[in-house]
């Protein structure tokens, strides 16, 4: 009887330990089994909230980049932020579509950075400002250095499609 | 006959105006995107200023700044004409846009912004609409070498600390640049200042400073 009790107690400890381990792992990867940078940033919703709360106000406050973001601050979590959040989520290992998503207002996120930025003639320095502000805000928000670098790498990949169109 | 043409012309103009207006409604945005975005699409200086005011709600802090350093310029006092004169006497090229509310000066030589200040790629001045006085000043320099980034960052941070005390948030670079993003930020009800440095892929270390009037 005593042996059975000890056996049952031991088994319970093992099961509880396993459950705690699984819960901790789920917490670390955003609860969706994904241990990507996107998951650590809270997936699409987390990235969208970060853009909306920190990045857009900081971009708008820059005298050079700001005017490109005027519509975004007037319309919280607007089309451009949603499309950018999806793109970042996708490229950082999340589950959002890369492009083509149709938003609630029927806006469709486009695939071509060149088409999106055509006519704006955005020079390198504006892109530097944009990425530097994203990185600065991420650092201030406590995002891990390696994750900030990944975000910068993703944004940098689109420089060619944005510059001087 | 003349009246008929006036009526027809007016009618056509009204239809075109209505059609362009309708294209800007949220429901018609995909259609607008198909025809290649809004050809106007660039906000007026007043709209940009309104947006900046909205942004300031989440950027400003509390309490009044004891002083408002801005690289030797005076927020809400320096005029566009003052900056143009400053640039002219130093042979610095500047370009004005957005109805003279934005002045961007390039290739600022060392020392132009005060004793021992480093060279800056781009210095952007934002002026308010009503009286064209300075409310927003930013610098941007790309491809800064590691030693220069550490020294320039330390100098700017020390200068702000001497004037304003402890920062609202800061992470200073180590003596030898370690690749981690660095920043210093001060937030008051009437003033925001930030200095940051980070490494961008293919662009080297990018340094940015911002001095912003948050009074309005």
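The values are calculated or read from the model by the stated rules, or taken from the named source; none is laboratory data. Predicted, not measured: the structure shown is a model, and the values here were computed from it. Here Cβ is always computed from backbone atoms with ideal geometry, including for glycine, and neighbour counts include all displayed protein chains.
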How many residues of region B:165-186 are closer than 14 Å to residue A:137 by Cα, in contact with a helix residue (DSSP H, G or I) (Cβ under 7 Å, 6 or more places away or on another chain) and either touching a residue at least 60 places away in the same chain (Cβ under 8 Å) or outside any strand (DSSP E or B) (or both)? The answer is 3
Filter pass, residue B:195 being in contact (Cβ under 8 Å) with a residue 12 or more places away in the chain and either part of a strand (DSSP E or B) or in contact with a strand residue (DSSP E or B) (Cβ under 7 Å, 6 or more places away or on another chain) (or both):
yes
Quick one: would you say residue B:214 is farther than 29 Å from residue A:144 by Cα, surrounded by 17 or more Cβ atoms within 10 Å (Cβ to Cβ) and touching a helix residue (DSSP H, G or I) at 6+ places or on another chain (Cβ under 7 Å)?
yes
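Where in region A:56-165 are there helices (runs of 4 or more DSSP H), lying fully within it, with 2 or more residues that are touching a residue at least 60 places away in the same chain (Cβ under 8 Å) and more than 10 Å from every other protein chain (Cβ to nearest Cβ)?
Correct list: A:79-91, A:145-157.
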Every residue from region B:171-204 that is closer than 19 Å to residue B:124 by Cβ, more than 10 Å from chain A (Cβ to nearest Cβ) and modelled with pLDDT under 95:
none
Go through the residues of region B:96-109 one by one and say whether even a single one is surrounded by fewer than 16 Cβ atoms within 10 Å (Cβ to Cβ), away from chain A (no Cβ under 11 Å) and more than 27 Å from residue A:123 (Cβ to Cβ).
no
Quick one: in region B:153-170, of everything that is more than 25 Å from residue B:82 (Cβ to Cβ) and under 20 Å from the mean Cα position of the chain (by Cα), which residue is farthest from the other protein chains (Cβ to nearest Cβ)?
B:157
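Could you list all residues from region A:101-120 that are in contact with a strand residue (DSSP E or B) (Cβ under 9 Å, 6 or more places away or on another chain) and under 21 Å from residue A:159 (Cα atoms)? Give the steps one after another, and end with the answer.
Here is the first cut: in region A:101-120, the residues in contact with a strand residue (DSSP E or B) (Cβ under 9 Å, 6 or more places away or on another chain) are A:101-102, A:108-109, A:117.
A:109, A:117 - these are the residues of region A:101-120 that are in contact with a strand residue (DSSP E or B) (Cβ under 9 Å, 6 or more places away or on another chain) and under 21 Å from residue A:159 (Cα atoms).
Has region B:57-66 got any residue that is touching a residue at least 24 places away in the same chain (Cβ under 8 Å), within 20 Å of residue B:168 (Cβ to Cβ) and crowded, with 21+ Cβ neighbours inside 10 Å? Step through it out loud before you land on a result.
Our first condition is that a residue be touching a residue at least 24 places away in the same chain (Cβ under 8 Å); within region B:57-66, this holds for B:59-66.
Those left that are additionally within 20 Å of residue B:168 (Cβ to Cβ): B:59-66.
Next, from what is left, pick out any that are crowded, with 21+ Cβ neighbours inside 10 Å: B:65.
Checking region B:57-66: at least one residue is touching a residue at least 24 places away in the same chain (Cβ under 8 Å), within 20 Å of residue B:168 (Cβ to Cβ) and crowded, with 21+ Cβ neighbours inside 10 Å.
Is there a residue being part of a loop (DSSP other than H, G, I, E, B), facing chain A (nearest Cβ under 10 Å) and surrounded by 23 or more Cβ atoms within 10 Å (Cβ to Cβ) anywhere in region B:130-151? Give the derivation first.
Within region B:130-151, the subset part of a loop (DSSP other than H, G, I, E, B) is B:130-132, B:145.
Then keep just the ones that are facing chain A (nearest Cβ under 10 Å); that gives none.
Looking for residues that are part of a loop (DSSP other than H, G, I, E, B), facing chain A (nearest Cβ under 10 Å) and surrounded by 23 or more Cβ atoms within 10 Å (Cβ to Cβ), one finds none in region B:130-151, hence no.
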With the structure loaded, tell me whether residue B:148 is without any contact (Cβ under 8 Å) to a residue 40 or more places away in the chain and in the same structural domain as residue B:183 (by TED's automatic domain parsing) or whether it fails that test.
yes
